[in-house]
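K.L.:
My questions all concern the structure below.
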Amino acid sequence: VLIGFLVVISAMGEKQVPLESGSFLVLDLTANFTDAPPEIDFGTLTGNRVEVIQLSDATKAIRAAANDDRIKGIFLTGSMVPEALGSGYAAVREIRGALLEFKAAKKPIYAYLSYATTRDYLLASIADDIAIDPYGVVIMPGLASEPVFYANAFKRFGIGVQITRVGKYKGAVEPFIRDDLSPENREQLQTLLDDVWQAILTDVAESRNVTVEDLQAVVDSEGLIRADAAEKSGLVDRVVYRDEILEELKSKTGVKSATTPFKQIALVDYAAIMPHQGGFGSDRIAVVYAEGDIVDGEGAWTQVGGDRFSRELRRLRQDDRVKAIVLRVNSPGGSASASEVIQREMRLAAAKKPVVVSMGSYAASGGYWISTFAERIFAEPTTITGSIGVYGVLFDVQKLTSDLGITFDRVKTGRFADALTISRPKTDAELVVIQRSVDWIYDQFVGKVSESRKLEREFVEEIAQGRVWSGIEALELGLVDELGGLNEAISYVSKQAGLGDNYRIVEFPRSKNLGEALTDFLHRIKPAGTRAGVYQSMVKRLERELKALQAYND
């Protein structure tokens, strides 16, 4: 049975969809676009699983389609389903950049909207023709940040929290010790959202030939922009039903049969058969995807394990076939010790071959730590970066256990032998020891940024303080070198390595082996069903927020 099951999976995976001349490439956004390749793709076997599409596969397919005579145009539809760190605004901008290159090839892009979020509309706005369902809506009310605060809940259940930190803007600790935003955190979040929102408005306004002021006025007056208001304000070109659009596409592709769909190929299918781009030489450029929380040890698939990634960087450094390395970072940070292990290998690799960084949607804290010594750092205008700061979160359950009638006693051989216990709060002397460690790490962080970015230490200390910056501000401050995506980073490093266009791309991490994939599948399989309701969404969000605690393993 097992062998038969694996044969079926293999056959499904090898099936290729034919591509007819004059077809439209269908970009269905109903997926999660991630930097790293998906762990394993089980197709439709996991019921209502959200499809995961690697960002580089999407952009390469769109660029290949621009020069493929069989592809007549692109049909864009659906709505993104962001999960974890996927489908961030930096990723959306990279897809948008590929679509603009497609459009420059004088091929049409048509978009059909039903319930379009800001991410969806940012892509659709460049289409030659945007249609919307009569009952559709453009959900583009602006950007908001709404952190969850646990301090009162911890207090209610008798869980104590003590904090050690450096950086007044280091807001990641606030959910554990406050019930609202601090003035500093509110300031940095407002500035960040303003920068990202302004970049979105500018792109959309340029594509739709409207002013930023007019666009903001529509957003503020409508909130949820219904089909009629979207058409009146110039955000869409027309209001039609989906069947009308499908009939038009049949006509454009020369299909006359009432039962035959228009000539088309899905993005994921085209990516599997797209014409080869680049050279066939033995020289390689390695793209390493650091996506997820940075943790000590090996780390899970959705984490950046310091040991695992440093080992891979060491292997790439020692491989003479690998002529250059691009580290693609999409991480909010994590362990300082794990970040240093990775940075060490980055520096050693940079001494032998060109090493650059491409920042995705997030490259903050530890994500910036591992990036800072690269030869060149690329970021998108909407990339969240910086957060040069350090903190520790210390819990105790003394009151909780006391209320339950549980007590602790101890013997020890040194003054600080039980300093890491959670049975009681830390003493002043213990807090001094821990704060001293936090101060030292912060001092190292600032020093590394100052050295690598060739910035005065006083200036770095001024812009650090745990503050996050947009890619636009990071460029102005000297924290990054250039605005651009992964494609620009690869182009740059290929020139630095003297490869031209004759190279192959190798990627890390790779998919799990068959045994691991099958085990994981048997644990994850679930019946098909409807989208999660309000309750399920709330539970998923709480679970996601609390997972942060599990990642703090240093």
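K.L.:
I'd like to compare 282-291, 394-403, 77-86, 354-363: which one has the highest average count of other Cβ atoms within 10 Å, and what's the full order after that? Walk me through the numbers before you get to the answer.
P.N.:
On the way: 282-291: 22.4, 394-403: 15.8, 77-86: 18.9, 354-363: 28.5.
Result, highest mean first: 354-363, 282-291, 77-86, 394-403.
K.L.:
Would you please put 297-308, 463-474, 99-110 in order of how densely packed they are, using the mean number of other Cβ atoms within 10 angstrom per residue and starting with the highest? Working shown, then result.
P.N.:
Working: 297-308: 19.9, 463-474: 23.6, 99-110: 16.9.
The most tightly packed comes first, giving 463-474, 297-308, 99-110.
K.L.:
Calculate for the chain the 222 nm mean residue ellipticity that helices alone would give, adding -39,500 (n - 2.57) per DSSP H run of length 4 or more and normalising by residue count, nearest 500 deg cm²/dmol. Intermediate results must be reported in sequence, preceding the final value.
P.N.:
On the way: 21 runs with 237 residues, N = 554.
My calculation for the chain gives -13000 deg cm²/dmol from helical runs alone.
K.L.:
Between the stretch 431-459 and the stretch 101-172, how far is it from one alpha carbon centroid to the other, in angstrom?
P.N.:
Computed from Cα coordinates, the inter-centre distance equals 32 Å.
K.L.:
For the chain, what is the charge dipole size about the Cα centre, in debye to the nearest 20, if Lys and Arg each add +1 at the Cβ and Asp and Glu each add -1 at the Cβ? Don't skip to the end; give the middle numbers.
P.N.:
On the way: 65 positive and 77 negative charges, 290 e Å.
That gives a dipole near 1400 debye.
K.L.:
Right, another one. Determine how large the accessible area of W197 is when every protein chain is in place; take a 1.4 Å probe and give Å² rounded to the nearest 10.
P.N.:
30 Å²
K.L.:
Determine the relative contact order of the stretch 431-497: mean sequence separation of Cα pairs under 8 Å and six or more apart, normalised by residue count, in whole percent.
P.N.:
On the way: 20 pairs, mean separation 12.1, N = 67.
Contact order relative to length: 18 percent.
K.L.:
Output ³J(HN,Hα) for the stretch 133-147: one whole-Hz value per residue in order, computed from phi by the Karplus curve 6.51 cos²θ - 1.76 cosθ + 1.60 with θ = phi - 60°, and x for Gly and Pro.
P.N.:
These are the phi-based 3J(HN,Hα) values: 4, x, 9, x, 7, 9, 8, 9, x, x, 9, 8, 10, 9, x Hz.
K.L.:
Can you list residues whose amide H is under 5 Å from K72's amide H, if they're 5+ apart or on another chain and H is modeled 1.01 Å from N?
P.N.:
Those qualifying (amide H under 5 Å, at least 5 residues apart or on another chain) are G22, S23, F24, L25.
K.L.:
Once you keep just the Cα pairs under 8 angstrom separated by 6 or more residues, what percentage relative contact order results for the stretch 243-316?
P.N.:
14 percent
K.L.:
Taking R0 as 25 Å, what's the FRET efficiency between Q198 and R457 from their Cβ-Cβ distance, rounded to 0.05?
P.N.:
Numbers: r = 31 Å, r/R0 = 1.24.
The computed FRET efficiency comes out at 0.20.
K.L.:
Using Cα positions and a limit of under 19 Å, work out the aspartates and glutamates in reach of K399, with same-chain residues fewer than 8 apart set aside.
P.N.:
D409, D418, D428
K.L.:
Same structure again: Among D28, D501, D195, what's the order by accessible area (1.4 angstrom probe), most exposed first? Mind dumping the intermediate values first?
P.N.:
On the way: D28 75, D501 120, D195 35 Å².
My answer, sorted largest first, is D501, D28, D195.
K.L.:
How many Å² of accessible area per residue for the chain, probe 1.4 Å? Walk me through the numbers before you get to the answer.
P.N.:
Details: 26660 Å² over 554 residues.
Per-residue accessible area for the chain comes out at 48 Å².
K.L.:
For V506, enumerate residues with amide H under 5 Å from its amide H, sequence gap 5+ or separate chain, H modeled in the peptide plane.
P.N.:
Amide H to amide H, under 5 Å and 5 or more residues apart or across chains, V506 pairs with I285, A286, V287.
K.L.:
Want the number for K232 to S182: 0.36 nm per residue separation, take away the alpha-carbon distance, what's left? If you can, show how the numbers build up before the last one.
P.N.:
Working: separation 50, 0.36 × 50 = 18.00 nm, distance 4.09 nm.
In short, 13.9 nm is gained.
K.L.:
Pull out the extension gain between F395 and D243, defined as 0.36 nm times the separation in residues minus the alpha carbon to alpha carbon distance; nm, one decimal. Let's see the in-between values first.
P.N.:
Details: separation 152, 0.36 × 152 = 54.72 nm, distance 5.76 nm.
That works out to 49.0 nm of additional length.
K.L.:
Where does each of 481-490, 137-146 land if you order them by average Cβ count within 10 Å, highest first? All intermediate terms of the calculation are to be shown ahead of the outcome.
P.N.:
Details: 481-490: 20.3, 137-146: 15.5.
Top to bottom by mean Cβ count within 10 Å: 481-490, 137-146.
K.L.:
Name the residue farthest towards the positive end of the dipole of the stretch 187-316 from the options I265, A199, I245, assuming +1 on Cβ of Lys and Arg, -1 on Cβ of Asp and Glu, about the Cα centre.
P.N.:
Working it through, the farthest residue towards the positive pole turns out to be I265.
K.L.:
For a quick check of understanding: with a 1.4 angstrom probe and all protein chains in place, what accessible area in square angstrom does E248 have, to the nearest ten?
P.N.:
Accessible area of E248: about 60 Å².
K.L.:
Follow-up question, since we're still on this one. Name the residues whose placed amide hydrogens come within less than 5 Å of the amide hydrogen of V295, ignoring near sequence neighbours (fewer than 5 apart) on the same chain.
P.N.:
It is V304, G305, G306, S335, by chain and number.
K.L.:
Right, something else. Below 8 Å, C-alpha to C-alpha, sequence gap of six or more: please give me the relative contact order for the chain in percent. Mind showing how you got there, number by number?
P.N.:
Working: 1047 pairs, mean separation 102.0, N = 554.
Worked out over the chain, it gives 18 percent.
K.L.:
Which semi-axes, in whole Å and largest first, does the equivalent ellipsoid of the chain have when worked out from the alpha carbon gyration tensor as the square roots of 5 times its eigenvalues? If you can, show how the numbers build up before the last one.
P.N.:
Working: eigenvalues 349, 158, 131 Å².
Equivalent ellipsoid semi-axes, largest first: 42, 28, 26 Å.
K.L.:
With a Förster radius of 30 Å, plug the Cβ-Cβ distance of E543 and L420 into 1/(1 + (r/R0)^6) and report the FRET value to the nearest 0.05.
P.N.:
On the way: r = 26 Å, r/R0 = 0.87.
My answer for the efficiency is 0.70.
K.L.:
Cα to Cα, under 22 Å, and not fewer than 8 places away if on the same chain: which lysines meet these conditions relative to K107?
P.N.:
Candidates past the 8-residue exclusion: K60, K72, K250, K252, K263.
K.L.:
If you count the DSSP beta bridges with both ends in the chain, what percent of them are antiparallel, to the nearest 5?
P.N.:
Values: 13 of 68 bridges.
For the chain, the DSSP antiparallel bridge percentage is about 20.
The values are calculated or read from the model by the stated rules, or taken from the named source; none is laboratory data. If you're wondering where the values come from, they're calculated on a predicted model, not measured in any experiment. Here the Cβ is made from the backbone with ideal geometry for all residues, glycine too, and neighbour counts use every protein chain on show. Heads up: the accessible areas ignore ligands, DNA and RNA and are worked out on the full protein's heavy atoms, side chains in. Shrake-Rupley method; radii C 1.70, N 1.55, O 1.52, S 1.80 Å.
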